[in-house]
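Reviewing the structure listed below.
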Amino acid sequence: MLKGFKDFLLRGNVLDLAVAVVIGAAFTAIVTAFTSNIINPLVASIGGANEYGWGIQLTGDSAETFLNFGAVVTAIINFIIIAAVVYFVLIVPANAAKKKFVSEPEDKEASETDLLIQIRDILSANAGGADTGAHAKTLE
């Protein structure tokens, strides 16, 4: 029972689902606060004297026509931080656990040629039997 539960937990799709939930719920709020309050002001300071930060004002004084490059750079930094945390906190330990607890099968997946050779050998070994000869004639 516990072996089946362990196999279920270490299956790839369950881990992917867990990663998605963690990204969406836990790390997003923390990283967004960090990038909004620390990274965004630093990126906006690159904009110089512009009151909106790093970007270009297309027309007039309307905030709706401001192309905010700083927000895009902040979002990219936000994504990189979240991806790094998820990779190093979840994926690396999970891969190590898979290597430690999930054993590989002794014989690797046989190629198609190997399987055909095995089938040929089995059929030739059984060729002496009466039933095999009858089946072989019906297959021809």
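The values are calculated or read from the model by the stated rules, or taken from the named source; none is laboratory data. Computed from a prediction, not measured in an experiment: that's the story for all the values here. The accessibility values were calculated without ligands, DNA or RNA, using every heavy atom of the protein model including side chains. Shrake-Rupley method; radii C 1.70, N 1.55, O 1.52, S 1.80 Å.
Less than 5 angstrom separates the built amide H of Gly55 from those of Phe69, all sequence-distant by 5 or more or on a different chain.
For segment 1-127, the orientation-averaged shadow of the C-alpha convex hull comes to 15.1 nm² (one quarter of the hull surface). Summary value for segment 1-127: 20 percent relative contact order, contacts being C-alpha pairs under 8 angstrom separated by 6+ residues. Ligands, DNA and RNA left out, the accessible area of segment 1-127 computed with a 1.4 Å probe is 68% carbon and sulfur.
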